[in-house]
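Following: one structure in structure tokens, then a few remarks.
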Amino acid sequence: MTTKSTMTHLECGKCGATYAANQLINLCPVCSRPLLVRYDLAKAAQTMTKEALKSRPANLWRYEEVLPVQRRDAMIMLGEGWTPLISAGRLGAEIGCPNTLIKDESLNPTGSFKARGLALAVSRAYELGAKELAIPSAGNAAGAMSAYAAAVGLPAYVFMPKDVPATFQVECKVLGAQVTLVDGLINDCGARVREGAAKYGWFDVSTLKEPYRIEGKKTMGYELAEQMGWTLPDVIIYPTGGGTGLIGMWKAFDEMEQMGLIGSKRPRMVTVQAENCAPIVRAFQQEEEHAELWQGAKTIADGLRVPVAVGDFLILRALRASGGTAITVPDAAMLHYANVMGKQTGIFPAPEGAACLAAQVQLLEQGWIKPDETVVLFNTGSGLKYSHLWA
Ligand SMILES: Cc1ncc(COP(=O)(O)O)c(C=O)c1O
Ligand SMILES: [Zn+2]
């Protein structure tokens, strides 16, 4: 049985070269930058209507016309997506921005939004015949990849920095992955994956180094619009490591507009990074197109400990096109605002999610966000995996 996918081809985000989508592929063979999936959106719009969506399943596969999986048996499902958009009235009142909403991604399988990207990446890799999968990860992505690989019975190889909290390591092991701890950061782990891919034929599912994780992450944009009655907020605050979610949502907004689901208004996109690992913020401020590697990256937010991002130019493009900004927050503020969010909303956020609230408070103080604006924060993961931070 085939899906309603209207995927047509892949297109390089940098040089524009196009490729057939029926092959296992990583970065653009011409310029080594990320490949983006293209669809026949006019065709997708015929069946993926607002009305039709009302009776679709409460997971991300409800948007199957604009997802890449072709065979129904290759859709690996663990309950990913359709997370709640929580109206945080009490929190909003406390910080002076009553229309504050939280997209709570901690309810995804394996407790983070990484499930979205890996559900799609692993489903496609399986569909296209990959035999073994490998990933470099700061933590959450490894757990998600291990889960989807286990669900479909593919061997999984995980490379994580050796100081990653035990919970992340244990999760991967219980899910059957082969875990290697690396003396270095995620980019060093990436190098180990590339070696293994060359030597043993593993398929590399590093973020943005294959075309499909972004397709999973973009569903956050579709869900946000649908949950807000096909409107978008004034501001989206997103904790940015590799930036896949931000790039994905930006892509989703364009697709939705072309399908007639939303208009041309876009939210101002805000990247939040940690004070001691902020390559995108620095490049944004210096008006660069690419972000240089950040030396000595250090933060308690493992997902933000990403010193270099292959999709840097796509993140920076989206921030600028949206009239957005990029801002850093110190680790102490993440810990503090996790408590504030927890107490005022009932959500126990990952430090990355708490970073969004810390950034919102700073931007309100600066007058960059007006008190009457609608602001969506992404709590990208559960605080439970980081409970040692508050212990
Ligand atoms: C909880 C959490 N938030 C945010 C991020 C950063 O996500 P992205 O790579 O989409 O920028 C990560 C990545 O590991 C993460 O685990
Ligand atoms: Zn290219």
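Tabulated data for the structure shown
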{"quantity": "Cα gyration tensor, the stretch 136-196 - rounded (a/c under 1.5), prolate or oblate", "calculated": "oblate"}
{"quantity": "Cα gyration tensor category, rounded, prolate or oblate, for the chain with a/c compared to 1.5", "calculated": "rounded"}
{"quantity": "Accessible area of the stretch 70-216 belonging to carbon and sulfur atoms, whole % at 1.4 Å probe", "calculated": "54"}
{"quantity": "In Hz, Karplus ³J(HN,Hα) per residue of the stretch 321-329 (6.51, -1.76, 1.60; θ = phi - 60°; x = Gly, Pro)", "calculated": "5, 8, x, x, 8, 9, 8, 10, 9"}
{"quantity": "Relative contact order, percent, the chain [alpha-carbon distance under 8 Å, six or more residues apart]", "calculated": "17"}
{"quantity": "In Hz, Karplus ³J(HN,Hα) per residue of the stretch 230-237 (6.51, -1.76, 1.60; θ = phi - 60°; x = Gly, Pro)", "calculated": "6, 10, 10, x, 6, 9, 10, 10"}
{"quantity": "Accessible solvent surface per residue of the stretch 158-239, calculated while the other protein chains remain in place, 1.4 angstrom probe, Å²", "calculated": "35"}
{"quantity": "DSSP loop chymotrypsin sites (Phe, Trp or Tyr not before Pro) with at most 14 other Cβ within 10 Å excluded, longest remaining stretch of the chain", "calculated": "1-229"}
{"quantity": "CD proxy at 222 nm, helix term only [per DSSP H run n ≥ 4: -39500 (n - 2.57); per residue of the chain; nearest 500]", "calculated": "-11000 deg cm²/dmol"}
{"quantity": "Relative contact order computed over the stretch 196-280 (Cα-Cα under 8 Å; 6+ residues apart), in percent", "calculated": "31"}
{"quantity": "Stretch gain in nm, segment Ser264-Ala93, where the contour uses 0.36 nm per residue and the Cα spacing is subtracted", "calculated": "58.6 nm"}
{"quantity": "In sequence order, calculated HN-Hα J values of the stretch 191-196 (Karplus, 6.51, -1.76, 1.60; Hz; x Gly/Pro)", "calculated": "5, 5, 5, 4, 4, x"}
{"quantity": "Amide N of the stretch 299-337 lying under 17 Å from the label point, which is placed 7 angstrom from the Cα of Glu275 along Cα→Cβ", "calculated": "299-302, 304-305, 327-337"}
{"quantity": "Estimated Rh, the stretch 17-104: Kirkwood, alpha-carbon pairs, angstrom", "calculated": "16.7"}
{"quantity": "Neighbour-limited loop hits for GluC sites (Glu not before Pro), the stretch 291-390 (at most 14 other Cβ within 10 Å; DSSP other than H, G, I, E, B)", "calculated": "Glu292"}
{"quantity": "Computed accessible area, Thr49, all protein chains, 1.4 angstrom probe, square angstrom", "calculated": "50"}
{"quantity": "Approximate spin-label separation Ala391-Lys4, in nm, with each point projected 7 Å along Cα-to-Cβ", "calculated": "4.7"}
{"quantity": "Within the chain: Cβ-based charge dipole about Cα centre, in debye rounded to nearest 20 (Lys, Arg +1; Asp, Glu -1)", "calculated": "600"}
{"quantity": "Out-of-range pairs (alpha-carbon distance over 18 Å; input Lys251/Lys298; Lys50/Lys217; Lys218/Lys370; Lys114/Lys218; Lys4/Lys265; Lys14/Lys199)", "calculated": "Lys251/Lys298; Lys50/Lys217; Lys218/Lys370; Lys4/Lys265; Lys14/Lys199"}
{"quantity": "Solvent-accessible surface (1.4 angstrom probe) belonging to Arg305, in square angstrom, nearest 10", "calculated": "20"}
{"quantity": "Computed E for Glu51/Gln295 - FRET, C-beta separation, R0 45 angstrom, nearest 0.05", "calculated": "0.30"}
{"quantity": "Residues whose placed amide H lies under 5 Å from that of Trp82, excluding near-sequence neighbours", "calculated": "Leu60"}
{"quantity": "Accessible area of the stretch 61-140 divided out per residue, in Å², using a probe of 1.4 angstrom", "calculated": "29"}
{"quantity": "Net dipole in debye of the stretch 294-391 [+1 Lys, Arg Cβ; -1 Asp, Glu Cβ; about Cα centre; nearest 20]", "calculated": "140"}
{"quantity": "Solvent-accessible surface ranking, highest first, for Asp104, Asp183, Asp234 at 1.4 angstrom", "calculated": "Asp183, Asp234, Asp104"}
{"quantity": "Under 9 Å, Cβ to Cβ, from Phe203 - net charge with Lys/Arg +1 and Asp/Glu -1", "calculated": "-2"}
{"quantity": "For Thr3, distant residues with modelled amide H under 5 Å away", "calculated": "Arg71, Arg72"}
{"quantity": "Prolate/oblate/rounded label for the stretch 250-391 (Cα gyration tensor, a/c 1.5)", "calculated": "oblate"}
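The values are calculated or read from the model by the stated rules, or taken from the named source; none is laboratory data. These numbers come from a predicted model, not from an experiment. Cβ atoms come from the backbone with ideal geometry, glycine included; neighbour counts cover every protein chain shown. Note: areas computed on protein heavy atoms with side chains; ligands, DNA, RNA excluded. Shrake-Rupley method; radii C 1.70, N 1.55, O 1.52, S 1.80 Å.
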